[in-house]
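Heads up: the structure comes next, in structure tokens.
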Amino acid sequence: MKNITTLPKFNSIFAHTLFVFLFFCLLYTLFFSSVLFSQHLLAPGDGIIQSVPALYSKRVLWTDLLQGGFPTAADPNNSNMVSSISTVLSNS
């Protein structure tokens with residue numbers, strides 16, 4: 001005989017998880033809506049100084065500008081290699 005009591009429990013857990021996920025998505029969308037739906041940066045000071053030049057710079061795997069050379073592809077802080085979206089959308 002099948003135990004059918006696990007199916008409603010699974011549905012209620014799934015519904016609760018989905019509700020919590022959608023609630024937080026809506027909450028963060030409302031909170032950041034002034035930045036998400038405009039052409040502004042979230043952190044204009046740091047964004048213009050550090051992130052925007054790195055986003056528009058040429059993609060390289062190795063740089064000779066630091067010490068005797070540095071693998072930029074292996075640097076987790078290098079934003080131009082971490083972001084796959086910027087790599088796909090780049091012109092270089």
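Extension gain, Phe14-Ser57: 0.36 nm per intervening residue step, less the Cα-Cα distance, totals 11.1 nm. Around the amide H of Thr63, modelled in the peptide plane, lie the amide H atoms of Phe70, Thr72, all under 5 Å away and 5 or more residues distant in sequence or on another chain.
Coordinate-derived values only; no laboratory data. Computed from a prediction, not measured in an experiment: that's the story for all the values here.
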